[in-house]
Amino acid sequence: MDKFYTTTAIDYVNGAPHIGHAYEKILTDVIYRHFSQRTDNAYMLTGTDEHGIKIQKTSAEIGISPKEFCDMNAQKFIDAWKLLDINYSQFIRTTDEQHTKAVQKIFKKLLEKGDIYKNSYTGLYCSGCEAFLSEKDLDEDGCCPNHKKKPEVVSEENYFFKLTKYKDKIIKHIKENPDFIVPSFRANEVLNQLENIEDISVSRAKTNVNWGIDVLDDESQVIYVWIDALSNYITALGYDTENPSEKFKKYWPADVQVIGKDILKFHSIYWLALLMALDLPLPKHILAHGWITIDETKMSKSLGNAVSPKSVMESFNMTEPDAFRYYMATSAPCGKDGNYSDDDFKEKVNAHLANSMGNLLNRTLSMLVKYFDGEIKAEFIKENELFDKAKRTIEEVKHHFDYYEVAEAAQKIVELVDILNKYVTDNAPWTLAKEEKMTECGQVLYTVLECMCIVVSLIYPYCPTIAKNMAKQLKYDINTKLDNIKLSNIKEGKLISKEEIFPVFLRLDSELATNKK
Ligand code: MSP
């Protein structure tokens, strides 16, 4: 693998980030970090989508300029991702000058090519979707099914993009590449939507919407959000219709573009058509994740039940985001909906991260100190059949990530940890020590510690801080690439002293965790 490029959807800045937005960024970050363990050239893009009628209206309501409003809210997303240790390579804002200019050129190129034309139009506009809807898209009450609001009737002169020109090519691409849409069960949905597509409006009259990117040479129109927003994936890399940058040539096409299932249509139809019109290669995969509910209820502004990642961290007095990252990343099988509940969160991370994984390392190291003063003796270092299981787990985890099955991959790590815990229980090193079978006792501890190095590497994308703290105690190089992992990390000699041992994750309800600020 010579490079890996992944992107998230860019979030609307009309509100603050909630854990649904966070889910997507965590999922993508875990994928990105995993592939960073397989290539030196991994790149992750995220950002904010800042134009459109909603921003224009909301900023006017509170009496500040749209740009000031965007600056204020974009910062909330940047802060939230910092809190969650999202290690993106680049954060793009659609108000960035480089993006704005590149979008204008893209529009111009398509206009010159004849793929964009002007037409007068009367349509049903949903400001929630920032899109025109057809009658067929509406529910039985005539409302947008996503926003439960009746769309406005809008009559305007607009520019249109010839989506229909690319219909057959898109259908062919989706049929010939069954793994293009992940999970593949969503492909049929898209193929059905393709049956009814029409050319799409790609600009708005400034008399109705003025917070957008100006169409070059036409002062009456601004570019409508989806052309603007979708282009971010290439403009961020420095795509320019005349002179694409080296970075663009290096990373495009994207390996996987992560988005929510609600915007799959835009990414598997509009986005493909746009790329085809620009004669650019298509992304290799679109991963459409499911929705996160709160206590099994849809999160929404109107219900007032949106939970911010910050409030979860604060209510559990967490100083590191690892537990929340782990919980979110494993909350649903690939593409399915997941749920957040405080009780389930606490129970799951206490069981997996504290009781199983953290405790295993802690008690193994403590025994090494108690019985051997923290020293690995030459006679402890011995092959064990568990090494094969550990090596197999690396391959299984890689295999799941090849299909972007992030939760399924974590399950393999949990299984390995469970096997190691069982091995300790079955072999009872404390009994071996009592019986003065010191070599056997040392061999059991060594086997576990060696396999724990693999656990460290595999858990790192989900829980980077915990993994680093485990690696520190094991004297293991966390930057080891997955393909270079050898089961010879634990060397003869002193590994650790009593003072160097510390718990890597405290149970969320433990007294220590609660007192820690
Ligand atoms: N701005 C557009 C995306 C443009 S991408 C070129 C948008 N923004 S959004 O803020 O509404 O949503 C951003 C991402 O968050 C989307 O992928 C969306 O699916 C995801 N989520 C928003 N709420 C969500 C949940 N409750 N659960 C999981 N993800 C959800 O759409």
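The values are calculated or read from the model by the stated rules, or taken from the named source; none is laboratory data. Note that this is a predicted model, so its numbers are computed, not measured. Methodologically, a virtual Cβ is constructed for each residue, glycine included, from the backbone with ideal geometry; neighbour enumeration extends over all protein chains shown.
Observations, loosely collected:
- Cβ separations smaller than 6 Å between residues 6+ apart or across chains give no pair from the range 191-217 residues that are more than 17 Å from S155 (Cβ to Cβ) and free of Cβ contacts under 8 Å to residues at least 12 places away in the same chain to residues that are among the β-branched types (V, I, T) and outside any strand (DSSP E or B).
- Residue match in the range 441-463 (condition: part of a loop (DSSP other than H, G, I, E, B), crowded, with 17+ Cβ neighbours inside 10 Å, touching a residue at least 24 places away in the same chain (Cβ under 8 Å) and among the hydrophobic types (A, V, I, L, M, F, W, C)): yes
- Within the option set S315, S268, S331, S311, being within 16 Å of the ligand (Cβ to nearest atom) and at pLDDT below 95 holds for one residue only, S311.
- Checking P283, P253, P333 one by one, the residue that is crowded, with 21+ Cβ neighbours inside 10 Å and part of a loop (DSSP other than H, G, I, E, B) is P283 and no other.
- Being over 21 Å from the mean Cα position of the chain (by Cα), among the hydroxyl-bearing types (S, T, Y) and assigned to a helix (DSSP H, G or I) is a property that S268 lacks.
- Unique residue being over 25 Å from L287 (Cβ atoms), hydroxyl-bearing (S, T, Y) and within 16 Å of the ligand (Cβ to nearest atom) when the list is Y224, Y239: Y224
- Of all residues making up the range 225-240, the number that are over 16 Å from A273 (Cα atoms) and not aliphatic (A, V, I, L, M): 4
- Screening the range 1-115 for helices (runs of 4 or more DSSP H) wholly inside it with 2 or more residues that are out of contact with any Leu (no Cβ under 6 Å at 6 or more places or on another chain) and within 30 Å of D483 (Cα to Cα) returns the ranges 19-36, 66-83.
- Complete set of residues in the range 1-56 that are within 10 Å of the ligand (Cβ to nearest atom) and either touching a Cys at 6+ places or on another chain (Cβ under 9 Å) or of a type in the set (G, A, S) (or both): A9, V13, G15, G20, A22, G47, T48, E50, H51, G52
- Hey, I478 surrounded by fewer than 19 Cβ atoms within 10 Å (Cβ to Cβ) and of a type in the set (V, I, T) or not: yes
- Test: residue in the range 193-207 that is more than 27 Å from N119 (Cα to Cα) and crowded, with 19+ Cβ neighbours inside 10 Å: no
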